[in-house]
Amino acid sequence: MIWPFSFKSKPLLEKLSPISGKISVFRKGKGLQLVVGGLVQSVSLNTENVGDRVWGVIVEQALIKRESFKNVLILGLGGGTVAHLLVKKFPEVKIVGVEIDPVIVQIGREEFNLNKLKNLKIITDDAFAVAGDPEKYKLAKNSFDLVVVDLYLGSLFPQEFGTRGFLEDVRNLLSDKGVVVINRILPVSEKMEKELFADILKKYFNHIAVREIQGTKDERNFIFSGCKDSSRGSNP
């Protein structure tokens with residue numbers, strides 16, 4: 001998850017990771033922010049206006065496509081903001097969160113209350129590998145009502161997560177009426193990149209919609225959503 005990090009204060013916690021580099025936790029108001037690569041990856045649930053920011057928009061876009069979720073897969077768990085928002089709305093939802101960086105998982109457990117989510121299963125591994133061989137991780141194909149793809153190393157979106165093989169794997173993980181939501185950061189100067197990525201998604205999912213969110217000065221978050229079931233409607 002990406003949100004611009006712009007305030008100056010001393011971190012509550014700093015750790016170095018061989019995968020993500022410097023990871024910091026800051027307090028802002030009542031909430032906590034997990035900062036990686038100079039950008040906010042996750043926030044605690046008590047952060048002001050969290051539902052109106054990127055994490056809340058991901059959940060909102062998913063709910064436009066489907067009214068409720070029982071089984072969710074989050075590829076790129078981070079500190080678990082989306083997981084917390086889903087559990088707040090659907091207390092019995094079962095979530096599998098995939099996070100490649102064990103340092104982030106540890107911080108998520110200790111600082112962002114991931115241990116309090118009783119129906120959360122965390123897989124510490126590469127999301128590309130998990131999606132490609134779900135049975136190895138005891139995940140069933142065609143079983144998830146929602147798959148959230150929020151995969152960044154700092155501010156970088158690994159190119160393999162936009163490839164045909166990965167998108168096919170995500171489609172195969174979705175139930176018949178499942179929904180996919182993908183968070184991308186794209187440069188403001190690359191206006192065609194949004195349309196190009198949407199066109200790629202249309203090859204694997206139906207009713208693709210895109211919502212733009214204010215990001216940094218030079219970049220924007222784009223939330224792409226789609227359905228496996230062609231009968232589901234698109235958002236306005």
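The values are calculated or read from the model by the stated rules, or taken from the named source; none is laboratory data. The shown structure was predicted, so the numbers you read here are calculated from the model rather than taken from an experiment. Using ideal geometry, Cβ is built from the backbone for each residue, glycine included, and neighbour counts are taken over all protein chains shown. Ligands, DNA and RNA are stripped out before the accessible areas are found, and what is left, the full protein with its side chains, is counted by its heavy atoms. Shrake-Rupley method; radii C 1.70, N 1.55, O 1.52, S 1.80 Å.
Over the chain, what number does the Rg to Rh ratio reach, with both radii from the alpha-carbon atoms and Rh per Kirkwood?
Working: Rg = 16.5 Å, Rh = 17.7 Å.
Rg divided by Rh gives 0.93.
Kyte-Doolittle cut-off 0.0, length cut-off 27 Å along the helix's own axis using Cα: show which whole DSSP H helices in the chain pass. Walk me through the numbers before you get to the answer.
On the way: long enough: none.
Span-like helices, by this rule, are absent here.
Using a 1.4 Å probe on the protein chains only, how many percent of the accessible area of segment 54-192 belongs to carbon and sulfur? If you can, show how the numbers build up before the last one.
Working: 2910 of 6020 Å².
The value for segment 54-192 is 48 percent carbon and sulfur by accessible area.
As a quick test, which of the pairs LYS15/LYS94; LYS28/LYS136; LYS121/LYS202; LYS70/LYS194 have an alpha carbon distance above 32 angstrom in this structure? All intermediate terms of the calculation are to be shown ahead of the outcome.
On the way: LYS15/LYS94 30 Å; LYS28/LYS136 40 Å; LYS121/LYS202 30 Å; LYS70/LYS194 30 Å.
In this structure, LYS28/LYS136 lie more than 32 Å apart at Cα.
Could the peptides 185-197, 17-29 be put in order, highest first, of the mean number of other beta-carbon atoms found within 10 Å of their residues? Can you show the working numbers first?
Working: 185-197: 12.9, 17-29: 15.9.
Peptide ranking by packing, descending: 17-29, 185-197.
Explain nothing, just compute: Karplus ³J(HN,Hα) = 6.51 cos²θ - 1.76 cosθ + 1.60, θ = phi - 60°, for every residue of segment 118-125 in order, whole Hz, x for Gly and Pro.
Values, residue by residue: 5, 9, 9, 10, 9, 10, 9, 6 Hz.
Within the set of other residues whose C-beta is less than 10 Å from the C-beta of GLY78, count the net charge using Lys and Arg as +1 and Asp and Glu as -1. Write down the numbers at each step before the final one.
Working: positive: none; negative: GLU99, ASP101, ASP150.
Here the count lands on -3.
Please sort by residue number the GluC sites (Glu not before Pro) in segment 1-94 whose DSSP state is loop and whose Cβ has at most 13 other Cβ atoms within 10 Å. Working shown, then result.
Details: sites: GLU14, GLU48, GLU60, GLU67, GLU92; in loops: GLU48, GLU67, GLU92.
Passing sites in segment 1-94 are GLU48, GLU67, GLU92.
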